[in-house]
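Structure, as C-alpha cells:
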Amino acid sequence: MSSSSSVYPTPINAFKQSKRSVLSVIVDNEPGILARIVGLFSGRGYNIEALNVTVVDIENNLSRITIETLGEEKVIRQIIAQLEKLVPVHSATNLAHLKESYEAEICLVKIEFDNEDQDSKILNFADIYRTRTVQKRQHIVVYEISGTSERINKFLDDLNTISGIKVELVRSGPIGLGI
Amino acid sequence: MSTDQEISGAEIILQALKDQEVDTIFGYPGGAVLPIYDALFGQNFLKHVLVRQEAGAVHAAEGYARSSGKVGVLLVTSGPGVTNVVTGLTDALMDSIPLVCISGQVPSHLIGTDAFQECDTTGITRPCTKHNYLVKDVSKLSETIHEAFEIARSGRPGPVLIDIPKDVQFAKSNYIKKSEVTFKSHRIKSGSKDINREFIETLVDHIKKSKKPIFYVGGGCLNSGPLASQELMKLVELTNIPITTTLHGLGCYPGEDAKSLGMLGMHGTYEANLAMNQCDLMINVGARFDDRVTGRLDAFSPDSIKFHFDIDQSSINKNVKVDYHTNTDITLSLKAINEYITSNSIQFDLNQYSDWWNSIEEWRGKDCLHYEQSDDTIKPQHAITRLYELTNTKDTFITTEVGQHQMWAAQYYKFDKPNRWLTSGGLGTMGFGMPAAIGAQMANPGALVVDIAGEASFLMNIQEIATAVQYKLPIKIFILNNEYMGMVRQWQELLHGSRYSESYVDALPDFKKLAESFNAVGVRAKNLSELDDAINEMISVDRPVIADIWVDKKENCFPMIPSGAAHNEMLLSKYDKEKPENQEKGKVLV
C-alpha cells in the first residue's frame, strides 16, 4: 500500500502560498473559448492551479469560468486586463477585490482501509468535518465534503495522519460568487 | 434589409466585403477557396492582387492598412495557405494593424479527419489574432464578417481571421447588411469615449510644475488617426515640451522640427535617451514601454512622474508602473487637453524649461548620428541621407525590412506625416518590406514607395517582385547591400568576440540581372560617385526597380544601448567599449 502522503502532494504547497487569487470570468459560451483562456495563461506564463467551467445562463448562452491562480498583485491585474481583451469575455473579476464574496469547493474522497482502528479514526474525522457519506462497504468508504478549499485541505491533512489507508480523490476546484 | 434572395456563402463574402467598402484584397487561390475565387471572377468592384506566396499577401495587406488607415484584407486557402500567413498575423498583432484574413477550410464533414490540406486553423492562429472564427453555418456568415471588421478596426486594432469550410461557401442563405447588424458591446472593445477630466487637469498641473518634461509618443498615436498627430503638434507648440517617438511613432510629429529629439531606445538618439533618463515628467502617448525602448527596466527614467495614454488597458502597468493613465482614444484626449488649455486661457511660461532645453542642446551637440563618409565606399547612413534629400519633396512612403538598414532608415529618414513609415517593429519580420510596399502602392497609386532593404531580408520574400511587375506597381527596392546579416554581424562583433557564425550571405544573386529577369529595372551603385545617379534613376523610372547599393560591409549601427544596459550607458561609436559584465548579461537577452 502506498503512503497516503503521496496522493495529493502538489496542490497543498500551492494553496499554502499567500499569493493565491480566484478569478471569476463570465464568457459567451462559444467554441474555443476555453482554449482562448487556457492559451492566454500558458502563452504568457501564468499559472492555473484550478479551473472550473460551466454554462450558467442558457438563455443568454453564458458560462462562468473560475480560475485559481498564483501571482503577485501586479501579475493578477495584468491577467485580468488580458482576459478582458478577449472578445467573448464579458467580465473578469478578482473575487478578493469584491467587498464580499463566497467561495466553495466540492471534493469526493475514496478511502480504502484494513482494520477497525483505521475505520474509527476515519469516522471520527468524517464526523468532525460533517462529510456526507456517499457509499460505504466493508473496507472502502466514499465521502463528499464541500466548503472552502482550505477546509477541504485540512480534512485531507487529518486523514493523512492515519497510517496505512489509501486515499483517492477528486476536487472541483474552487467556485465563487460576489455578493 | 436582408434580401429575400438566397445567395451562396461565397457571394455573401463578396457582398460583405463590398458593404465594408473593401476595394482591394491580396490572396492566393487553392482548393478550399475555389468557390470564393469563382465568385471573384467577373465582378469589378474588388481588385484582387495575386501574390506569389501567402506571406506576401499578409504583409501586403499590412502595408495597405498602415498606409491607408483602412482594414487590410487577404484571402488564402486551407492548410499551407493559412500556415504561411501565421508570421504576418503575428506581426500585425504585435504592431496593432487591422486585418481581416479569410481562409478556406476543408468541407465540414472532413474536419478532424486529417483531410488533404486540412489544419486546425483556428487553433494555430488563436494566439496570433485579436480574434478568430470557424463559420460552420452559412446563415451566420454575414454577421461574422461584419463583426470581424468591427473588431479588427476598433480599440487597439489587430488581425482577425475567419475560417470558412468549403461547403459553407457553397451553401445558400440571405445576405445581412452591415447596417442591419447590431454588435454586442462586450465583443467590440472599442475603448472609452469618455474624457478623463481628472487625468487631464492633473496632467496640465504637472506640466506647469515640471522642470524637465518629455513627450514619448508611439504607434497608438498613429492608430488613433491623423487628427491625433495634429492635436499632438498643437499641444507641443502650446507647451514647448521636447518630444521623442518610438519606431512606430515616427511621423506622428515632424522629424525635422526642433522640438523633435528623434527616436529613442536601443538605437535612438543620445539626446532622446538621456532626456528620457533624466526627465521629471513623462507623457506617454500611445507607446507600450517595449524592451527595445526601456533598456534595463530598473534604470528606466527613474525620477519621472509618468502619464500614460493607451486605449489598451493591458498596456497600463504591464512593464513600467505609471502614476496616471487614461484608456480613452488619444485623439479625443489630446483634443480635450488642448481645449482645456485654450478655454481656460492657461498660459505656460515658455522659458520655464530653458535649463532643460539647454541640457538637451548640449546632448544634441554630441551629434550622435555623425558618420564619416569617405570618397569611395558608400556609408549606409549616407545612402539613406541622400535618398531622403532626393525624395523629400515628394509624398514618399518608406517600408523597411528588419535589421541595420531598418534602424538607419529610422535614424536618417525624416517623416513629417503619419502613415508614411511602414516597418515591422514588434515582431521584427525580415521579408516584410517588399510586400508591404506592394500594399502601400496599391493604396496610394502615384505615390513614391520605397522599400529600404537589406539583401538578406529582401531574399526572404523576393518572389513578390513578380507581383509588383504584374500589377505595374512602381515600387523601389533600395538595398543596402553589405553581404551580411548586418545586425547579426554587429551583435556577434560586440557580444560574441567577432565570431561571425553564419552571418555572411554567400552566393548572392546579381540583383541587377535578377531585376531584369523579372522584367523589373535594376540599378547599381558600387561607390559614392554612382550613388546619386542610381537614386535619381530609381525614382524617375515608372516601373518596379531594384537598386543594389554596395555599402561599407563592416559599418555598425550607433548609438546603441546594449541589451540589459540603461539609457545612460549608451555606446556612441565603435570606440566606446562595452563593460565586460554588461556584455555577459546582454548576451543572454535578445
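Annotations
- Think of it as helices only: each DSSP H run of n ≥ 4 in chain B is worth -39500 (n - 2.57), and spread over all residues that comes to -10500 deg cm²/dmol at 222 nm.
- Residue-span extension gain [B:N568 to B:E256] - 0.36 nm each, minus C-alpha spacing: 109.9 nm
- Estimated Rh, chain B: Kirkwood, alpha-carbon pairs, angstrom: 25.0
- Only lysines eight or more places from B:K234 in sequence, or on another chain, were considered; those with a Cα closer than 22 Å are B:K193, B:K208, B:K209, B:K211, B:K212, B:K259, B:K306, B:K335, B:K414, B:K417.
- Pairwise centroid distance, computed over Cα atoms, of the stretch B:109-133 with the stretch B:217-280, Å: 41
- Loop-located trypsin sites (Lys or Arg not before Pro) in the stretch B:366-412, at most 13 other Cβ atoms within 10 Å (DSSP): B:K394
- 5 Å binning of all Cα-Cα separations within the stretch B:6-180, expressed as whole percents from 0 upward: 2, 10, 20, 24, 23, 15, 6, 1, 0
- Once you reduce the stretch B:484-542 and the stretch B:138-194 to the center of their Cα atoms, the two points are 43 Å from each other.
- Here is the list for the stretch B:108-166: chymotrypsin sites (Phe, Trp or Tyr not before Pro) lying in DSSP coil, each with at most 13 other C-beta atoms within 10 angstrom of its C-beta, are B:F116.
- Whole-number percent relative contact order across the stretch B:195-338, with pairs defined as alpha carbons under 8 Å at least 6 apart: 29
- Note on the protein assembly as shown: Cα Rg divided by 2.2 N^0.38 Å, N the number of residues, gives 1.08.
- Shape metrics for the stretch A:81-175, restricted to C-alpha atoms - Rg then Dmax, Å: 17.7, 57
- Dividing the Cα radius of gyration of the stretch A:17-97 by 2.2 N^0.38 Å, with N the residue count, gives 1.03.
- Among the listed pairs A:K85/B:K321; B:K130/B:K585; B:K379/B:K574, those with a Cα-Cα distance over 23 Å are B:K130/B:K585.
- The value obtained for the stretch B:494-590, namely the Cα convex hull volume divided by the number of residues, is 159 Å³ per residue.
- Long-range tail of P(r) for the stretch B:97-207 (Cα pairs > 23 Å, %): 42
- Put in line by how crowded their Cβ is, counting other Cβ atoms within 10 Å and starting with the fewest, A:Y129, B:Y504, B:Y270 read B:Y504, A:Y129, B:Y270.
- Low-density loop positions, GluC sites (Glu not before Pro), the stretch B:333-419 - DSSP coil, at most 13 other Cβ in 10 Å: B:E372
- Debye-formula intensities of the stretch A:57-134, expressed as log10 I(q)/I(0) at q = 0.19 Å⁻¹, are -0.91 (one equal scatterer per alpha-carbon, no solvent).
- A crude spin-label estimate for the pair A:T54 and B:D23, with each label 7 Å from Cα along the Cβ direction, gives 5.5 nm.
- Cα-centred dipole magnitude for chain A, charges only on beta-carbon of K, R (+1) and D, E (-1), debye, nearest 20: 380
- In the stretch B:317-386, taking the dipole from charged Cβ atoms about the Cα centre, the farthest positive-side position among B:T331, B:W363, B:I346 is held by B:T331.
- Normalised by the number of residues in the stretch A:17-97, the average gap of Cα pairs under 8 Å and 6 or more apart makes the relative contact order 46 percent.
- The alpha carbons of the stretch B:179-332 stretch over 54, 31, 31 Å along the principal axes, in descending order.
Just so you know, all these numbers are worked out from the coordinates, no wet-lab data involved. It should be emphasised that the depicted structure is a prediction, and the values quoted were computed from it without experimental measurement. Every residue, glycine among them, receives a Cβ derived from its backbone with ideal geometry; neighbour counts consider all protein chains shown.
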